[in-house]
1. Buried (at least 19 other Cβ atoms within 10 Å of the Cβ) and touching a Gly at 6+ places or on another chain (Cβ under 7 Å): does that describe Val122?
2. Just to check your reading of the model, which residue among Ser188, Ser147 is of a type in the set (Ser, Thr, Tyr) and farther than 19 Å from Pro264 by Cβ?
3. For the stretch 206-301, give me every one of the helices (runs of 4 or more DSSP H) that falls completely inside it and has 3 or more residues that are touching a residue at least 60 places away in the same chain (Cβ under 8 Å).
4. Kindly indicate the residue of the stretch 285-301 that is among the aliphatic types (A, V, I, L, M) and within 13 Å of Arg30 (Cβ to Cβ) and also surrounded by the fewest Cβ atoms within 10 Å (Cβ to Cβ) among those meeting that condition.
5. Inside the stretch 117-151, can you point out the residues that are farther than 19 Å from Leu185 by Cα and within 20 Å of the chain's Cα centre (by Cα)?
6. Check Ser147 against each of (1) surrounded by fewer than 18 Cβ atoms within 10 Å (Cβ to Cβ); (2) small (Gly, Ala, Ser); (3) part of a helix (DSSP H, G or I) and name the one condition it does not meet.
Amino acid sequence: MSSEISQATGNTHTYYVYDANSGWGGLRTRLKEIYNFRYLLTNLVVRDVKARYKNSILGILWSMLNPLGLMLVFTIVFTVMGRGAGQRAYPVFVLVGIIPWHFFSGSLTSGTSSILLNSPLVKKVYFPRELLPLSSLLSNLVNFGFSLLVLVLFIYAFGIGLTIHALWVPLILITQLIFTLGVTLLLSAITVFYRDVLMMMQVAVQAWFFMTPIFYPFEFFGDSSTILGITFNPAQVMRWVNPMASIVDSYRTVLWGTQGSAGPVAMNSIFLLRTFVTAVITLIVGYIVFIRTEHLFGEKL
């Protein structure tokens with residue numbers, strides 16, 4: 001759905017009139033509209049963060065304990081199995097993958113259902129609907145920030161430390177934000193029309209987790225694999241079909257290193273650029289679907 005907002009200012013009040021039959025209105029108009037409602041976005045983010053830890057004794061600490069718990073489980077299991085025994089600083093190796101993944105899966109889960117959960121608000125009051133999935137993304141970003149503090153402590157505890165290569169992290173994070181927002185906008189719009197998406201997504205996220213190199217390196221698969229008579233490079237194909245695999249591997253490269261390195265190494269700028277382009281395309285597609293279906297939300301809810 002596209003929208004245009006006409007503003008009429010009286011002595012003490014400002015009125016926003018929403019025209020549901022208007023044209024696209026331009027991306028600049030929509031971004032300006034989101035900026036005008038920035039106070040609402042802030043309130044939504046604060047509400048989501050408070051609701052997540054309401055009546056919780058540990059509160060925000062859960063955002064740190066959750067990845068730590070999984071890291072401990074994977075470290076024990078894969079050390080016993082022999083897969084992680086020879087891996088350099090394996091707890092850091094796992095943690096660098098788990099924390100970005102938790103940020104992605106948490107944003108995807110809460111963002112996909114954000115329109116449904118706020119249906120009374122959507123049906124009664126006008127505001128840019130994209131604020132709902134965006135607020136879910138930003139509230140999970142807060143948790144991601146706290147989890148990064150734990151990661152930094154582990155990086156120094158295992159004698160790795162932050163290097164100049166850690167300056168790539170903001171660019172990798174921006175790429176992840178763009179990709180996650182694109183997928184969330186797409187799924188949140190589709191979920192309004194097909195509620196089965198929520199159930200399907202639970203299965204898809206679990207499968208997606210195992211297709212992402214979180215507790216194993218890309219080299220785990222070897223240089224080639226053959227399925228149904230077709231030989232291919234598993235790591236390369238995984239990067240093509242799974243942007244989160246590339247994003248997790250990027251974090252790991254600049255914070256932990258590679259299989260053949262003794263510590264963090266420089267990011268391949270061309271590799272990150274390809275991932276960034278994929279993320280931007282995902283955001284464009286997701287936003288177009290969201291805009292084109294937005295005018296039906298009230299009816300379907």
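1. yes
2. Ser188 is the lone residue from the list that is of a type in the set (Ser, Thr, Tyr) and farther than 19 Å from Pro264 by Cβ.
3. Counting at least 3 such residues, we get 243-255, 269-293, 297-300.
4. Top of the filtered list is Ile288.
5. Matches in the stretch 117-151: Val142, Asn143, Phe144, Gly145, Phe146, Ser147, Leu148, Leu149, Val150, Leu151.
6. Ser147 satisfies every listed condition except (1).
Residues are listed down the side, and each one gets a yes or a no for (1) at pLDDT below 95; (2) in a helix (DSSP H, G or I):
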residue	(1), (2)
Lys123	yes, yes
Phe127	yes, no
Leu137	no, yes
Phe154	yes, yes
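The rows are residues; the columns are (1) surrounded by 12 or more Cβ atoms within 10 Å (Cβ to Cβ); (2) outside the structural domain of Gly69 (by TED's automatic domain parsing); (3) closer than 14 Å to Phe104 by Cβ.
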site: Leu173; (1), (2), (3): yes, no, yes
site: Ile178; (1), (2), (3): yes, no, yes
site: Ile190; (1), (2), (3): yes, no, no
site: Met199; (1), (2), (3): no, no, no
site: Val205; (1), (2), (3): yes, no, yes
site: Phe209; (1), (2), (3): yes, no, yes
site: Pro213; (1), (2), (3): yes, no, yes
site: Ser224; (1), (2), (3): no, no, no
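The values are calculated or read from the model by the stated rules, or taken from the named source; none is laboratory data. Since this is a predicted model, take the numbers as computed values, not measurements. Virtual Cβ from ideal backbone geometry, glycine too; neighbours counted across all protein chains shown.
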